[in-house]
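Report on the structure given below.
The values are calculated or read from the model by the stated rules, or taken from the named source; none is laboratory data. None of the values given here were measured: they were computed from a predicted structure. All Cβ positions, glycine included, derive from the backbone under ideal geometry; neighbour counts span all protein chains shown.
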Amino acid sequence: MAIKTNKNRKGFALILTVIIILFISISVLSLLHLIFNNALMIGNEEKFIHAQYLTDAGIQDAIANLEKNKDWKPSDWGSNFNGHPGKEYPSDTGNGYNISNFDSTDMPNGNRFIRFTCNGFYKDTEKSIDVVVSVSQRSDGTILVKVISYSD
């Protein structure tokens, strides 16, 4: 007895193979797209974190200077970065921080309230933080700087 073959099944294996290869190709392309987007997000997060660190460094630098001299102002740094008093760190990298919107109010009790914005720059990313500090001087000459507010 002869084996019967169905004429409708000719080429079925080829069509099934093409469908499987198409499915695998779409899956691989989707995975590559996901990996690429995650790499971009990680790079952006890294730049944001560096900008945040530089902003924090600028705030700490300003506070340290105020603790030495209650009449300090950003122009005392003697250097500018991105159009405002600030510092490039490390040198010749285009990264750094500056102080803008510096506003000082002397109170009748001798305290000084200072509001300023510190901007950190890392590559093409900028992070700004508004800071308000109170500066007072004890009778022994010690200068106290208290951060009153710190906001993005």
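A few comments on the model shown:
- In the range 56-84, the residues that are part of a helix (DSSP H, G or I), without any contact (Cβ under 8 Å) to a residue 24 or more places away in the chain and surrounded by 13 or more Cβ atoms within 10 Å (Cβ to Cβ): Asn65, Trp77
- Residue count for the range 138-152, restricted to those that are among the charged types (D, E, K, R), surrounded by fewer than 11 Cβ atoms within 10 Å (Cβ to Cβ) and within 17 Å of Ile63 (Cβ to Cβ): 1
- Scoring Phe12 on the criteria (1) under 35 Å from the mean Cα position of the chain (by Cα); (2) among the aromatic types (Phe, Trp, Tyr); (3) at pLDDT below 90 leaves a single failure, condition (1).
- Count - residues of the range 122-152 that are in contact with a strand residue (DSSP E or B) (Cβ under 6 Å, 6 or more places away or on another chain) and of a type in the set (Phe, Trp, Tyr): 1
- Extreme residue, modelled with the lowest pLDDT, among residues of the range 85-105 that are in a loop (DSSP other than H, G, I, E, B) and surrounded by 13 or more Cβ atoms within 10 Å (Cβ to Cβ): Tyr89
- Some residue of the range 45-55 being acidic (Asp, Glu), free of Cβ contacts under 8 Å to residues at least 40 places away in the same chain, under 27 Å from Lys146 (Cβ atoms) and surrounded by 11 or more Cβ atoms within 10 Å (Cβ to Cβ): no
- Residue pairs whose Cβ atoms lie under 9 Å apart, sitting 6 or more positions apart in sequence or on different chains, and linking a residue in the range 131-152 that is at pLDDT 95 or above and hydroxyl-bearing (Ser, Thr, Tyr) to a partner that is exposed (fewer than 10 other Cβ atoms within 10 Å of the Cβ) and assigned to a strand (DSSP E or B), do not occur here.
- In the condition set (1) touching a His at 6+ places or on another chain (Cβ under 9 Å); (2) part of a loop (DSSP other than H, G, I, E, B), Pro108 is compliant with all but (1).
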